[in-house]
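The values are calculated or read from the model by the stated rules, or taken from the named source; none is laboratory data. The model shown is predicted, which means the values in this text are computed figures rather than measured ones. Here the Cβ is made from the backbone with ideal geometry for all residues, glycine too, and neighbour counts use every protein chain on show.
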Amino acid sequence: MKKTLFIAAAAVLLLAFLGATLYYTQERGDEAQRHASQNQAALERPHAPTLGPTRAKVRIVEFLDPACETCRRFYPFVKDMLIAHPEEIHLTLRYAPFHQGSDQVVALLMAAQKQGRHWEALEALLNTQNDWVAHHVVQPDRVWPHLEGLGLDLAQLRRDAADPEIARLIAQDLADAQTLNVTKTPEFFVDGQPLPSFGYEQLKEMVDAALARAYPR
Amino acid sequence: MARPLFSDAADHGWTLVFLAWVVATTASLSALFLGEVMGYTPCVLCWYQRICMFPLVPVLAAGLFPFDRRVTRYALPLALAGWLLALFHWGVASGLIPERVTPCSQGVPCSQELVVWFGFLTLPMLSVLAFSAILFLLLLTRFKVPQ
């Protein structure tokens, strides 16, 4: 009798929790999709660095923080997808520098973009992230050594990074992130739609589905 | 003393501890829902209250099968600590205690109200209610249920 009562109560509480979780994630997913559909203009901007041919039909937009550990872990995964489908996928990179001091690093990356070395600089910094991020705070002095040997004009880079135009572009990325409800990084949009839930598998499934739609065999 | 719900004192005690377990489990699952599903980051005081609330779920359950009224010996300190923290948090959130003397000026402020239901029900208040109920039920078990 007591055992039955206890088990029944435990089951009711657990089911209520699971039911509420399912309902909430479903609602939030639908809401996020509607929201993204209404704000497509905020996804791709002319200043944003891109990879892959413009004619590619599957379009991924990634919001990335160079100081974010999960972004660093996702980077090779996304790159592998681009290598596997060099003609079909187009990646636009937007910056969401949520970590303290990360905006300064984004300014350097945008300045490197002016010299046509954006992706080299980004990869060099992601690979050495442990060295210049301590307890989620960027150590700006420790960023510079990792930018050497990439063929960058560092004096020019320093000047460009201080340019108010670059500050404006960072503000634009952050404003778009806010418009699209991007609060965590990395955040991905595949053909304008956010991931239903976060994870490698979810991203891969969404990209595979988009590839199958755009390039039916 | 209230009329026993079951035939003898042990049954009465069991019911009281069981009800306390239901309250603790509901509160714990609600906290998990807010934190893990809705994505609210718990403030420092919320974490301390969680530290008191979560262990009550297995501790009280262990005291139910077989029923051991001495479970209150182990559960009451947690309930009391949680209740005091919840009162303090409620004071901070309602402005009775200034935020600057609290340990959570950085990160997520404890004085920020994330949720207000029905125009008055806030999370610190719910926490006070939950800990009060558990405290009341365990004190009844401890002092009012005959050996």
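I'm trying to understand the selection: among the residues of the range A:14-45, which are part of a helix (DSSP H, G or I), basic (Lys, Arg) and either closer than 19 Å to residue A:191 by Cβ or in the same structural domain as residue A:62 (by TED's automatic domain parsing) (or both)? Reasoning before the result, please.
The first filter runs over the range A:14-45 and keeps only residues part of a helix (DSSP H, G or I), leaving A:14-38, A:40-42.
Then keep just the ones that are basic (Lys, Arg); that gives A:28, A:34.
Residue satisfying the conditions is A:34 alone.
Within the range A:100-137, how many residues turn out to be of a type outside the set (A, V, I, L, M) and assigned to a strand (DSSP E or B)? Show your work before the answer.
Step one: list which residues in the range A:100-137 are of a type outside the set (A, V, I, L, M), which gives A:100-104, A:113-120, A:123, A:127-132, A:135-136.
Still in the running and assigned to a strand (DSSP E or B): A:100.
Matching residues across the range A:100-137 total 1.
Only one of these is aliphatic (A, V, I, L, M) and part of a helix (DSSP H, G or I): A:48, A:11, A:67. Name it. Step through it out loud before you land on a result.
Details: A:48 fails: part of a helix (DSSP H, G or I); A:67 fails: part of a helix (DSSP H, G or I).
Exactly one residue qualifies, and that residue is A:11.
State yes or no: is residue A:130 without any contact (Cβ under 8 Å) to a residue 24 or more places away in the chain, closer than 22 Å to residue A:71 by Cα and assigned by TED's automatic domain parsing to the domain that holds residue A:74? Write out each step before concluding.
Numbers: without any contact (Cβ under 8 Å) to a residue 24 or more places away in the chain: yes; closer than 22 Å to residue A:71 by Cα: yes; assigned by TED's automatic domain parsing to the domain that holds residue A:74: yes.
For residue A:130, the condition - without any contact (Cβ under 8 Å) to a residue 24 or more places away in the chain, closer than 22 Å to residue A:71 by Cα and assigned by TED's automatic domain parsing to the domain that holds residue A:74 - is met.
Any residue in the range A:138-156 that is crowded, with 18+ Cβ neighbours inside 10 Å, outside any helix (DSSP H, G or I) and touching a Lys or Arg at 6+ places or on another chain (Cβ under 7 Å)?
Yes: the range A:138-156 contains one or more residues that are crowded, with 18+ Cβ neighbours inside 10 Å, outside any helix (DSSP H, G or I) and touching a Lys or Arg at 6+ places or on another chain (Cβ under 7 Å).
Restricting attention to the range A:16-35, which residues are surrounded by 13 or more Cβ atoms within 10 Å (Cβ to Cβ) and within 14 Å of chain B (Cβ to nearest Cβ)? Show your work before the answer.
To start, the set of residues in the range A:16-35 that are surrounded by 13 or more Cβ atoms within 10 Å (Cβ to Cβ) comprises A:16-17, A:20-21, A:24-25, A:28-29, A:32-33, A:35.
Matches in the range A:16-35: A:16, A:17, A:20, A:21, A:24, A:25, A:28, A:29, A:32.
Quick one: what pairs do we get from the range B:119-147, first residue within 22 Å of residue B:67 (Cα to Cα), second surrounded by fewer than 16 Cβ atoms within 10 Å (Cβ to Cβ), C-beta under 6 Å, 6+ apart or different chains?
Within 6 Å, the pairs are B:144/B:1; B:145/B:9; B:146/B:9.
Here's the yes/no breakdown for (1) within 14 Å of another protein chain (Cβ to nearest Cβ); (2) closer than 22 Å to residue A:143 by Cβ:
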| residue | (1), (2) |
| --- | --- |
| A:5 | yes, no |
| A:14 | yes, no |
| A:56 | no, no |
| A:60 | no, no |
| A:65 | no, yes |
| A:76 | no, yes |
| A:83 | no, no |
| A:108 | no, yes |
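Does residue B:14 satisfy being within 27 Å of residue A:17 (Cα to Cα), more than 14 Å from every other protein chain (Cβ to nearest Cβ), more than 11 Å from the chain's Cα centre (by Cα) and modelled with pLDDT under 95? Step through it out loud before you land on a result.
On the way: within 27 Å of residue A:17 (Cα to Cα): yes; more than 14 Å from every other protein chain (Cβ to nearest Cβ): no; more than 11 Å from the chain's Cα centre (by Cα): yes; modelled with pLDDT under 95: yes.
The answer is no for residue B:14.
Within the range A:36-70, which residues are crowded, with 23+ Cβ neighbours inside 10 Å, of a type in the set (Val, Ile, Thr) and under 14 Å from the mean Cα position of the chain (by Cα)?
Answer for the range A:36-70, where residues must be crowded, with 23+ Cβ neighbours inside 10 Å, of a type in the set (Val, Ile, Thr) and under 14 Å from the mean Cα position of the chain (by Cα): A:60, A:61.
Given the range B:37-116, what helices (runs of 4 or more DSSP H) lie entirely inside it while holding 2 or more residues that are away from chain A (no Cβ under 14 Å) and at pLDDT below 90? Please lay out each step first, then the result.
On the way: elements: B:44-53, B:56-62, B:71-93.
Because the criterion is at least 2 residues that are away from chain A (no Cβ under 14 Å) and at pLDDT below 90, the helices (runs of 4 or more DSSP H) in the range B:37-116 that meet it are B:44-53, B:71-93.
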